[in-house]
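Read the structure below first, then the notes.
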Amino acid sequence: MPAYSTNMRLKFPILALTLEIITIILFAVFVVYDDGKHGGHGAHNNATHHEEKTEQNPLTLYPMFQDVHVMIFIGFGFLMTFLKRYGFSSVGLNLLLAAFALQWGLLVQGLWHLDEGKIKVSIFKMINADFSTATVLISFGAVLGKTSPVQLLIMTLLEITIFGINEHLVAEVLKANDVGASMIIHAFGAYFGLAVARMLYRPALRNGHENDGSVYHSDLFAMIGTVFLWMFWPSFNSAIAEPGADQLMAVTNTYFSLAACVLSAYAVSSLVEHKGKLDMVHIQNATLAGGVAVGTCADMDIGPFGAMIIGFVAGIVSTLGFKFLTPILASNLGIQDTCGVHNLHGMPGILGGIAGSSNNTVHTVHLYKRGNVLNNTVIDLSLCTGLIMKLPFWGQPPDQNCFDDSIYWEVPEEEEGEESLAHGDHSMNKAEA
Amino acid sequence: MPAYSTNMRLKFPILALTLEIITIILFAVFVVYDDGKHGGHGAHNNATHHEEKTEQNPLTLYPMFQDVHVMIFIGFGFLMTFLKRYGFSSVGLNLLLAAFALQWGLLVQGLWHLDEGKIKVSIFKMINADFSTATVLISFGAVLGKTSPVQLLIMTLLEITIFGINEHLVAEVLKANDVGASMIIHAFGAYFGLAVARMLYRPALRNGHENDGSVYHSDLFAMIGTVFLWMFWPSFNSAIAEPGADQLMAVTNTYFSLAACVLSAYAVSSLVEHKGKLDMVHIQNATLAGGVAVGTCADMDIGPFGAMIIGFVAGIVSTLGFKFLTPILASNLGIQDTCGVHNLHGMPGILGGIAGSSNNTVHTVHLYKRGNVLNNTVIDLSLCTGLIMKLPFWGQPPDQNCFDDSIYWEVPEEEEGEESLAHGDHSMNKAEA
Amino acid sequence: MPAYSTNMRLKFPILALTLEIITIILFAVFVVYDDGKHGGHGAHNNATHHEEKTEQNPLTLYPMFQDVHVMIFIGFGFLMTFLKRYGFSSVGLNLLLAAFALQWGLLVQGLWHLDEGKIKVSIFKMINADFSTATVLISFGAVLGKTSPVQLLIMTLLEITIFGINEHLVAEVLKANDVGASMIIHAFGAYFGLAVARMLYRPALRNGHENDGSVYHSDLFAMIGTVFLWMFWPSFNSAIAEPGADQLMAVTNTYFSLAACVLSAYAVSSLVEHKGKLDMVHIQNATLAGGVAVGTCADMDIGPFGAMIIGFVAGIVSTLGFKFLTPILASNLGIQDTCGVHNLHGMPGILGGIAGSSNNTVHTVHLYKRGNVLNNTVIDLSLCTGLIMKLPFWGQPPDQNCFDDSIYWEVPEEEEGEESLAHGDHSMNKAEA
């Protein structure tokens, strides 16, 4: 693949500006401020009730919205900075994709629920737009380091659209409840990303890549992401719950699930690692699996100890996944999952779906039968997305430049005749020469 | 300039302690707790209404206040850590200046609106004090790396005082509305800082300085600041808006303006840079211009798409400013704007003022005529501030020690015979020898 | 001490899993969701009133809870990352200990106040659980770098239990008011930690340790902790205050105490340091002493200027403590206080207790007499905790591996034949060989 093909000078600006201009035009046609009067149905099955109750103060949900916002932009953004030379892309492209995804998500979700022909923007709708954004960022984790900004914008456009359709079908057609969205966000985002990663399989990276790893300080930057995700996950799982007792229950369940998950993730990390040492990959990710897994039943009366059991199991499953399953997926199935989203969002998301449905078996069997059809369709659409992304003119990085900011970013140069903190730039730039 | 002059041992403690003791005495005379009863006028034209409505729970605005607080202390503080050897000063002096500025700002703003001879501290007043602090931190960005802590405390004292007078005149005399404060905070802070930077012009830095740049990890620290500013800007622009629909409108407009701004800033950054690569300076700053530019009309009914157009244009203007205007300001006008505050706060602030006034043309012409007189006075006062700061006994750093923490901070030493992460200390300390 | 003893492979997982399973069982027996009906007494003397008032919306305190949560997990966690090679442990073990402590704290505090035989989890109780967690993290600071994860889990278990008893006695038996908890959290945590540090005294570290210091970027990571603690301390001191005027007073007092503290801490740091330079250790810690010291009287009518005087004095005392007292404690009393918690939490906590009690002298003398008995008992229990932790089979690190992540964590390896940001790993791993 010749070097010039990764030059973003025309492709990227044209695509980004075109998408934004189209979005602005669609906003001019469809989007208005929320006036507090609601004739239609909300994006979720409990939306209408919720919005009615908060009519008097339209900013009641604002603090929770900001918590979710921090998860999206700081949480996901910094969690992915663990790679030694991919921090600019991780936090920078996270910002780019999320900024586009939340606009596009608001449109796609809103078009199903037009009110007098318009999408009326409320804090509630902004939270839902952030949720749709989360799916893209989860999938981004699976392909991190192996895709160009152009490819990622295309993935965002398609994934948000597919998510919007899927969410509508699950909520409105299947009448399934998934307040914390274990399935419709986490499992969806993970398997979407894995399908795309499968399509973008790179045999040359089978034996790893020198830049596919962390350095000391990049692991600390990643912990900023981990801890903000961990702290604000109760807001993620409760933001759109019914106000009052249900919302408190969702906060409480998530809080304790996460706390129990930390203990089991640390324990298992030490158990499976060399000399009983803790592994930063596990700590950065598996400690969050409790938040994913408790999502679907966050507002159900499972008892605080029930939530803790879910979190406890999720921490174990997730850590074992990182240790044993990720290498198998890469070597046997050709799925190179950079951030291990299968372990943080995939398996815990399914665990959450199972836990959530175990309260209601008959309905569940019915759901699974119909859901399965949906799921197969989603995977097909994910694979198509990957196929489109694989087209050779989107500026995908060559194998040797994967996991390296310097192919799409100006990276500070090492100073002449002096070792600076940026040393290592030589190797960063070598592949461009 | 002899080396001893930068020794802060007496000057700095005496100034800091004196300022704080005077402040405490003034607080003892003037400042009391808010008792919920308001006889006077608030700091802003809509303050009275606002405070009346929130009388029942004095902490209604507290979450928004904390968002603004995070912008001031984390946002501005870390945004400026992009310099390779000036992180201690960036985040540390940011904390020092802000801690003094918020006390002094509360006094200066409060003295115009005494209630029974007292300043009654409410969350609303704390938010306004944070706003006045923002002006100082914007100006700090213009002179970053070229000033001593003593000079900066003097600038803080004078700028906050001048800001307090200017804000009062704009709000009370001109009756101008500037809820998100594009003009009275952002443009004010930027042009104040540029005027000071002009007075402190250093010909020896005409061709740059080896420390006036970033390293890989310093750019990541700066992104912490960027992302927190980006996320919480809706709170900045809506915190003092009329509660209810107006406040929601301010949140919505800022949110979409920022989202659109990200796409245009990224696109233009790639368009103007070498090989279509993204430039961290643009990403760190120009993505925020949408928040500045939408400020004045944040609570006006411009429609979400109107806000997006403002943000879209601001992202383009700001990025082009960094690329083309900053070098011209430095070489032709002798304005060395370290952080490019002209591009983030100056031009977008004026853009916001124009956008905000375009709804009301007759009133605007009137305002501009009278405002112009004010603006000239403000620039004169800014230049005087710079002149005072230029006096030779405030411990200004010599040219070769600019952008270097080690002149005012104890910086960790490199370990003997071992390369540590602090390597480069040799060069940090060489100018002191 | 042979190397294998620090292998955590069995001890740590067994202890962590056992503790979590016991906790889950106790939760199954005792803990239920809050149903909004309260028959018993709250954890604090003003709890009952408070909970009654917020019955209608159980999430009123949620934003303040999240502020406190950020202090616990980001604030304490990153504040301790200042050590050059102990960042994984600082933020990682902080997460582990806090996740366990908040569960255990909720149980221990709740068992004193059973309601129909159950602990009903509310946001209020979660805040109190976070408070109990703070004591452990303060003590963690005193022994940072010199303890194994197993030792720290044992300390957490015992300290939370002792804290729960002490808090109950102070609040219910002595009827002392300590809303911001200068004494019962900060001084308690500090002196508990110092007593444990005394028991774990290491003569070989008398002359320091090569890893017991910072590097440039580790000091910046620590500032993330400092600034988040500084910003959200008003929430810490006001979260459980009586809603309304008292809560606003607690916010106001803490806000101004912290602001004044910054000025005095910076001034004294420059005054006592070499060539008048600022010292990062002082800035990271002493700027927060105002929040500790104003705690006890945060909701008292001391006037904003009164709060500022307390903060001003606390900043001076704390900085002088770091400069002059910490070395004496280490050399003369055998107390090696890694983070200087005596200066940030110990002395300012006592200062706060004195300030708080000076309004009520007769009651105070009575309290001190009885409190003194309690305090002696607490110190004895702390020493016992240290003695238990000193048992030789908990995997305590050998002297040469203190302050070094690589003994309990997988640390990224330096790349072959290339200097990376992780260089220095050689020395990190040498003690294991």
Output field shielding_mean for B:225-237 (other chain Cβ, 10 Å radius) holds 3
Do any trypsin sites (Lys or Arg not before Pro) in segment A:141-247 lie in a loop, going by DSSP, with at most 16 other beta-carbon atoms within 10 Å of their beta carbon, and if so which?
-> A:LYS175, A:ARG206
Rank by packing, highest mean first: peptides B:393-404, C:280-291, with packing defined as the count of other Cβ atoms within 10 Å averaged across residues.
-> C:280-291, B:393-404
Count the net charge of all other residues whose Cβ sits under 11 Å from the Cβ of C:PRO63, scoring Lys and Arg as +1 and Asp and Glu as -1.
-> -3
Tell me, how many Å apart are the Cα centres for segment C:67-98 and for segment A:206-233?
-> 16
So, in nm and shortest first, the distances from A:ILE388 to its counterparts in the other copies, with label points 7 Å along Cα→Cβ, work out as 6.1, 6.1
Any idea how far apart B:ASN207 and B:LEU383 come out in nm if each label point goes 7 Å out from Cα toward Cβ?
-> 3.1
The percentage of the accessible area of segment B:10-401 (probe 1.4 Å, all protein chains present) made up of carbon and sulfur atoms, to the nearest whole number, is 66
Determine one quarter of the surface area of the Cα convex hull of segment A:84-170, which equals its mean projected area, and express it in nm² to one decimal.
-> 6.0
If you count, for each residue, the other Cβ atoms within 10 Å and average over each peptide, how do B:182-188, C:10-16 line up from highest to lowest?
-> B:182-188, C:10-16
Sort the following peptides by mean Cβ neighbour count (other Cβ atoms within 10 Å, averaged over residues), highest first: B:69-82, A:379-392, C:212-225.
-> B:69-82, C:212-225, A:379-392
Specify, for chain C, the residue whose C-beta is closest to the rotation axis mapping it onto chain B, with the distance given in whole Å.
-> C:PRO63, 3
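Can you work out the FRET efficiency for the pair B:ALA245 and A:LEU114, with r the C-beta to C-beta distance and R0 = 35 Å, to the nearest 0.05?
On the way: r = 21 Å, r/R0 = 0.59.
The formula returns an efficiency of 0.95 here.
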Estimated buried accessible area (total), pair A and B, 1.4 Å, Å² to nearest 100 | 6000
Relative intensity, log₁₀ I(q)/I(0), of segment A:266-319 from a Debye sum that treats every alpha carbon as a point, q = 0.27 Å⁻¹ | -0.96
Sort shortest first the distances from B:VAL29 to its counterpart in every other copy, using label points 7 Å along the Cα-to-beta-carbon line, and give them in nm.
-> 6.5, 6.5
If labels are modelled 7 Å from Cα along the Cβ direction, C:GLU242 lies from its partners in the other copies at nm distances, smallest first, of 3.6, 3.6
Cα-Cα pairs above 28 Å in segment B:10-401: how many percent?
-> 42
Magnitude of the Cβ-charge dipole (Lys and Arg +1, Asp and Glu -1) of segment C:10-401 about the Cα centre, nearest 20 debye, reported as 1100
To the nearest whole number, what is the average tally of beta carbon atoms from other chains within 10 Å of the beta carbons of peptide B:87-96?
-> 6
Shielding of C:65-78 by partner chains, average beta-carbon count, 10 Å | 4
Out-of-range pairs (alpha-carbon distance over 31 Å; input B:LYS146/B:LYS323; B:LYS125/C:LYS118; A:LYS11/A:LYS84) | B:LYS125/C:LYS118
Pull out a ≥ b ≥ c, the square roots of the eigenvalues of the alpha-carbon gyration tensor of segment B:193-321, then state rounded if a/c is under 1.5, prolate if not and a/b is larger than b/c, and oblate in the remaining case.
-> prolate
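The values are calculated or read from the model by the stated rules, or taken from the named source; none is laboratory data. This one's a predicted model, so the numbers in the text were calculated from it and none came from an experiment. All Cβ positions, glycine included, derive from the backbone under ideal geometry; neighbour counts span all protein chains shown. Surface accessibility is based on the protein's heavy atoms, side chains included, excluding ligands, DNA and RNA. Shrake-Rupley method; radii C 1.70, N 1.55, O 1.52, S 1.80 Å.
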